[in-house]
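Working notes for the structure below.
The values are calculated or read from the model by the stated rules, or taken from the named source; none is laboratory data. No experiment lies behind these values; they were computed from the predicted model shown. Glycine gets a Cβ as well: all are built from the backbone with ideal geometry, and neighbour counts include every protein chain shown.
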Amino acid sequence: MSGMPWQLARAKRSPRGQSRRTILEQLPAVSTTELRISSLYTGEKRIMRPLKIPNIASVKVALTHVEFHFKSLHRGVEGPVQRFKVKPIRTGFGIRHCFHCNTCGKPVKKLYYLNRSLLCRHCTKARYVSQTLGSKTRPILQASRLQAFLDSRPKLKHARQRLEQRLGLKLMQAQSRFSTRTTLQD
């Protein structure tokens, strides 16, 4: 046992933004909306796009569970299979589904691929990008996300104008602090 008080030992953590924890937005993920589980109830045909998750060979979707079959590491040996329970949740506009995490049991909408397995955001112990930034740099992230959102939908001129009025001060503060030219273009 060292002679250091616990306050000093805790203070030696890495500063904000320099953590070695992974960032959730950078991990490949699968959500319940991608799997279109609700179409099983209505009997509609499902067109499932290939998942953008490496090492997943196939996905079997049922009303009560979803099985993810991973690629094998060796020839002639089947890869591991992860099975998640699916729970329907009634909302005011229909049914939404969620996975039940195998490790913590919490209902989640997304599973993230980390270390050759699928985990919820709680079990990955990862952070969001906004958690790595301080209050002074967060408006830059917000502005870049709004820029990307509005660029993907050019018909939202009125929303763009409202957001420019509402966030104009934040954008100007972010520009002056970091000498960047972050603007919402018209």
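Checked against (1) hydroxyl-bearing (Ser, Thr, Tyr); (2) under 22 Å from the mean Cα position of the chain (by Cα); (3) modelled with pLDDT of 80 or more, Ser19 passes all but condition (3). Taken as a whole, the structure leaves Gly105 outside the set of residues that are farther than 17 Å from Lys60 by Cα, in contact (Cβ under 8 Å) with a residue 12 or more places away in the chain and more than 16 Å from the chain's Cα centre (by Cα).
Which residues, taken from the stretch 88-123, are over 20 Å from Lys52 (Cβ atoms) and loosely packed, with under 14 Cβ neighbours inside 10 Å?
Matches in the stretch 88-123: Ile89, Arg90, Thr91, Gly92, Phe93, Gly94, Ile95, Thr103, Cys104, Gly105, Lys106, His122.
For the stretch 148-171, the tally of residues that are under 30 Å from Thr32 (Cβ atoms) and crowded, with 16+ Cβ neighbours inside 10 Å stands at 2.
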